[in-house]
1. Could you tell me the center-to-center distance, by alpha carbons, between region 18-50 and region 55-122 in angstrom?
2. Which shape class applies to region 1-115: rounded if a/c is under 1.5, otherwise prolate when a/b exceeds b/c and oblate if not, where a ≥ b ≥ c are the square roots of the Cα gyration tensor eigenvalues?
3. Ranked by Cβ crowding within 10 angstrom, fewest neighbours first, how are 112, 52, 8, 92 ordered?
4. Taking 0.36 nm per residue of sequence separation and subtracting the Cα-Cα distance, how much length would be gained by fully extending the chain between residue 179 and residue 83, in nm to one decimal?
5. What percent do you get for the relative contact order of the chain when only Cα pairs under 8 Å and 6+ apart count?
6. Just how large is the dipole of region 73-177 about the Cα centre, in debye to the nearest 20, putting +1 at every Lys and Arg Cβ and -1 at every Asp and Glu Cβ?
7. What fraction of the DSSP beta bridges in the chain is antiparallel, stated in percent and rounded to the nearest 5?
8. Debye sum, Cα scatterers, the chain, no solvent: what log₁₀ I/I(0) at q = 0.09, 0.17, 0.18 1/Å?
Amino acid sequence: MGMEDRKTFFDRHAASWDDRFHSAEEQARLAELVDSFGLAAGDAVLDVGTGTGVLLPFLRKTIGHRGRLAAMDFSFRMLQHAAERRKVADATIFNASVESIPFCSGRFDCVTCFAAFPHFPDKAKALLEMVRILRPGGKLAIAHLKSSDEINHLHGQIGGAVAHDRLPDPEALRLLMEDSGLIDISMVNEPGRFIALGRKA
Ligand SMILES: C[S@@+](CC[C@H](N)C(=O)[O-])C[C@H]1O[C@@H](n2cnc3c(N)ncnc32)[C@H](O)[C@@H]1O
């Protein structure tokens, strides 16, 4: 499946996304997940593949009102539904693809990529772009509230344009992250949680 098929898929599912994939029970787990990214008050953060912006209020709470928060997604319909959270989180929203991020190099302290990485067709290119916009020492966090097996199984069940979208196994992802210029890489892959963190050299 190509990029346009995926974009159509996410546009089509945007209206029902939160009801289908985000429960009230998940809120506490999201707060815990964002805590694990090691953000600081005042940080500049970009959330890539933000969808309806589920992570934005948690990021804002962590970086405080002095922090800069931006969110990006290639699905315009997803971003339309993110509008409410954007009001809460005071985030700047961009409709763009990870293959060509509309920011200059070294701009962010952290890039978050929650539940989106498996959908990027060229993972090496996506990583290079996300790392490019980090300042030296800045962090990339690729995260899910599922293990890699659970995510890959879910995509198979959902089918359609995302049926074959895979999160690489941790060792393969570690190599890709190293190749993109990240160091101090750590991985957690367990039921209910996947977190890959790396720091730009
Ligand atoms: C599974 S959804 C997760 C959305 C959100 N992070 C959440 O957890 O609700 C994946 C998101 O990544 C976006 N996405 C997929 N491929 C993308 C790409 N190449 N560039 C930018 N966004 C992309 C989709 O539009 C979708 O909103």
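1. Between the Cα centres of region 18-50 and region 55-122 lies a distance of 11 Å.
2. The shape class here is oblate.
3. Starting with the residue having the fewest Cβ neighbours, the order is 92, 8, 52, 112.
4. Extending this stretch completely gives an extra 31.0 nm.
5. Averaging sequence separation for qualifying contacts and normalising by length gives 19 percent for the chain.
6. Dipole size: approximately 320 debye.
7. If I count the DSSP bridges inside the chain, around 40 percent turn out antiparallel.
8. -0.29, -1.20, -1.39
Just so you know, all these numbers are worked out from the coordinates, no wet-lab data involved. Since the model is a prediction, treat every value here as computed from it, not as a measurement. All Cβ positions, glycine included, derive from the backbone under ideal geometry; neighbour counts span all protein chains shown.
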